[in-house]
Amino acid sequence: MKGLALYRPSTRDGVLPIAYVHALARLGHDGLVLIEPTDSFVSVGYFDATAEAVDIDACRRQGLPVVRREIGGGPVLLGPGQVFYNLVLPRSDPVLPPILDDIYRYLSEPVIETYRHFGLDVQYRPINDLVTAAGRKITGQGAADIADRFCFVGAVLRHFDIVRMASVIRVPDEKLRAHLRQVLDDNVTSISREIGREPSTEDVIAALEHFFSLVLGPLDLRPLPPEVEDLAAQLAEHLQSPDVLFEPRSRKHVTTKIREGVVVRHGQRKAQGGYIRSSVTIRDNAIADLQLSGDFTFIPKSGFTVLVQTLVGAPFEPSTVRAVIDAFFLSRGVECPGVTAADFTEAITGDPGTASDRS
């Protein structure tokens, strides 16, 4: 008796590696696709407002196609060095636990074992991520229903280009991009970075095949059906068409998720006394790092640095941030002409506060 289909498509250029899972699901074909792209591209999530999530001009300058997947999550740079595992099953398949969190946990095991095979201690962090013992994200995963099929996707990172990833995420001011790059560097990793060597694509695929077979049962290597190849080629064009990419979406991109528990929020506020820009790293709902810039003036100048230091560690909650800033101005004898605590609070948290609070 044949097992679940295993597909290893030979055509891996462009955005085809992400189109195969969509084609399989639409045509009702089940199976596991293991593939590493030959080209880099940017993928935005199903709910992303593309122009707010990624820097389209930067992508064009770098020759990076942008594609909208039909699976959630945020924008991500995909390409060589990442071995995709894309699983398509009937939604009613008995192998799938009834609760989504349990599905993620169950289907993460083969990937965790793959990393352990290469000497890495990796753990599941609900609901989307796999992280190292030090807490760095090494795999982000996603799941969705496409047509009548359940799709589970992710990638094993042999290596990852953090600098290029930071270059394609949209930020309100280029001065804040360095902060985003540093946060990515602190929180995202790969096999080569962790162990100092990079396993081959074939070795990673062989490990994934072995460990997935322990969960899914025997895997039967097959060529992609011609109709799947044809539809994937069509979808590769469709999913990067302007109509699909720029279709209105309700999600507003005020934060960029780095890993579970860590996001970066970019904000701005035009106050009477100057323009405020902020980039705040939020870790487990607290301010872990804060960058402020603009044309406002602190008297004395040292008050600016002290304000930032005072806010680091505070809970990321508008009323708390406002209370900390209010207390700072009252106790430190610091002035920032034309800029109120409410202005700084809005720039940092996005909460507009009360208009009467402002000069």
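Values computed for the structure shown
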| item | result |
| --- | --- |
| Estimated dipole of the chain in Debye, rounded to 20 [Cβ of Lys and Arg +1, of Asp and Glu -1, Cα centre] | 820 debye |
| Residue order, fewest to most beta carbons within 10 Å, for His29, His266, His159 | His159, His29, His266 |
| Segment 285-304 residues near the modelled Ser331 label - backbone nitrogen below 20 Å, point 7 Å along Cα→Cβ | 286-290, 299-304 |
| Qualifying trypsin sites (Lys or Arg not before Pro) for segment 36-98 [loop in DSSP, other Cβ within 10 Å: at most 15] | Arg91 |
| Charge dipole of the chain about the Cα centre (unit charges at C-beta), most positive-ward option of Ala288, Val83, Phe152 | Ala288 |
| Fluctuation leader among Arg249, Arg125, Arg283 - the chain, Gaussian network, Cα springs under 10 angstrom | Arg249 |
| Net charge contributed by nearby residues that have their C-beta within less than 14 Å of Phe211 (K/R +1, D/E -1) | -3 |
| Neighbourhood charge, 14 Å Cβ-Cβ cut-off, centred on Phe328 and excluding it, Lys, Arg +1 and Asp, Glu -1 | -1 |
| Around Ile191: net Lys/Arg minus Asp/Glu count, Cβ-Cβ under 15 Å | -2 |
| Separation in nanometres of the label points that stand 7 Å from Cα toward Cβ, at Asp203 and Ser92 | 4.4 nm |
| For Lys137, Lys301, Lys175, order by how many other beta-carbon atoms lie within 10 Å, fewest first | Lys301, Lys175, Lys137 |
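FYI, it's all coordinate maths here, none of it is from the lab. This structure is a prediction, so every number in the text was calculated from the model and none was measured. Don't worry about glycine lacking a Cβ; one is built from the backbone with ideal geometry, like all the others, and counts go over all protein chains shown.
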